[in-house]
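Step one of this worksheet: look at the structure below.
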Amino acid sequence: MATSASSKLNKAVKQQYMELPQGGRAQAMYIWVDGSGEELRCKTRTLDSEPKTVDDLPEWNFDGSSTFQSEGSNSDMFLIPVAMFRDPFRRDPNKLVLCEVLKYNRKPAETNQRFMCKQIMRMVDSSEPWFGMEQEYTLLSTDGHPFGWPTNGFPGPQGPYYCGVGADKAYGRDIVEAHYRACLYAGVQICGTNAEVMPAQNINHIEQYHIYIYIYIKHRTYII
């Protein structure tokens, strides 16, 4: 597994610039699902002031031929903001903006599953459907092995790791705690987390949401 050259950059140098004032303006990172149906793309725009609701966010566009979502001869795609969160990376007043994608003719892109889901849920709106989600993930080292596992072997058998306590049982706890706090800061309705039965595996519990709230939940692998 290749290690990004960015991992070798001095993060302290970046931090001194991240602490500079923004002059009352805000950065909004627009995020969407690309043509693979699994991977995410993003781009950032400057806003004259901090947006308070999704309605304050303008539509945007991008080149779909570079994201496997259109042909090069007609590549304009539209980003429609549908949810907004505080940005735990750039921090206030900056925002993370989750978007659905429309094609050049304003019809939903093939990977825009939210559009059809919202139509169906509107048909049963009087029933007030709710749902909850769990997100499981495994931490990997840069060599591709689960974090904390012996390079040429396996950890001890299952048993002590589920909801485990201690550095020899809860692998990568620092990342888990950072992830949890970032979700709370952003406003994601996370309601808990725990270590799973395999060392370096964790699970997040997402609170029940009314169906009209738009969420991206991905089973992601975190590279340390």
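Largest accessible area first, the listed residues Arg181, Arg25, Arg90 line up as Arg181, Arg25, Arg90 when surface is computed with a 1.4 Å probe on the assembled protein chains.
Of the beta bridges in the chain, as assigned by DSSP with both residues counted there, near 85 percent are antiparallel. When peptides 107-113, 130-136 are sorted by average Cβ neighbour count within 10 Å, with the highest value leading, the order is 107-113, 130-136.
Checking the table Lys8/Lys169; Lys52/Lys103; Lys8/Lys107; Lys14/Lys95; Lys52/Lys118; Lys8/Lys103 against a 31 Å threshold on Cα-Cα, which pairs fail? Too far apart for the 31 Å limit: Lys8/Lys107; Lys8/Lys103.
Considering only protein heavy atoms and a probe of 1.4 Å, how much of the accessible area of the chain is carbon and sulfur, as a whole percent?
Of the solvent-accessible surface of the chain, carbon and sulfur hold 53 percent.
For Pro160, neighbours were defined as the other residues whose beta-carbon sits under 13 Å from its Cβ, and their charges (Lys and Arg +1, Asp and Glu -1) total -1.
With both labels modelled 7 Å from their Cα along Cα-to-Cβ, the Glu177 to Met18 distance reads 1.8 nm.
Between amide H atoms placed 1.01 Å from N, distances below 5 Å from Met133 occur with Ile206, all of them 5 or more places distant or on a separate chain. At q = 0.08, 0.10, 0.15 Å⁻¹ the log10 of I(q)/I(0) for the chain amounts to -0.38, -0.60, -1.22, computed by Debye summation with a single uniform scatterer per C-alpha, solvent ignored. In order along region 90-103, the phi-based Karplus estimate (6.51 cos²θ - 1.76 cosθ + 1.60, θ = phi - 60°) of 3J(HN,Hα) comes to 8, 6, 4, x, 7, 10, 9, 10, 8, 10, 9, 10, 10, 6 Hz; Gly and Pro are listed as x. Taking only Cα atoms, what is the 0 to 90° angle, nearest 10, from helix 173-186's long axis to the longest principal axis of the chain? Helix 173-186 sits at roughly 20 degrees to that axis.
Using the Cβ of Asp56 as centre and a radius below 10 Å, the other residues enclosed give a net charge of 0, where K and R count +1 and D and E count -1. Starting from the Kirkwood radius over alpha-carbon pairs of region 106-154, derive D by Stokes-Einstein at 4 °C in a medium of 1.567 mPa s and give it in µm² s⁻¹. The calculation lands on 85 µm²/s. Measuring only protein heavy atoms, the 1.4 Å probe finds Tyr104 accessible over about 120 Å². The equivalent ellipsoid that matches the C-alpha gyration tensor of region 1-119 spans semi-axes of 28, 20, 13 angstrom, in descending order. Summary value for the chain: 19 percent relative contact order, contacts being C-alpha pairs under 8 angstrom separated by 6+ residues. 3J(HN,Hα) couplings calculated from phi for region 26-43 with the Karplus curve 6.51 cos²θ - 1.76 cosθ + 1.60 (θ = phi - 60°) are, in sequence order, 10, 9, 10, 8, 7, 10, 8, 8, 8, x, 6, x, 10, 7, 9, 10, 7, 8 Hz; Gly and Pro show x.
The values are calculated or read from the model by the stated rules, or taken from the named source; none is laboratory data. Just so we're clear, the structure is a prediction, and the values are computed from it rather than from any experiment. Neighbour counts run over all protein chains shown; Cβ positions are idealised from the backbone, glycine included. Side chains are part of the model used for accessible areas, which takes the heavy atoms of the whole protein and leaves out ligands, DNA and RNA. Shrake-Rupley method; radii C 1.70, N 1.55, O 1.52, S 1.80 Å.
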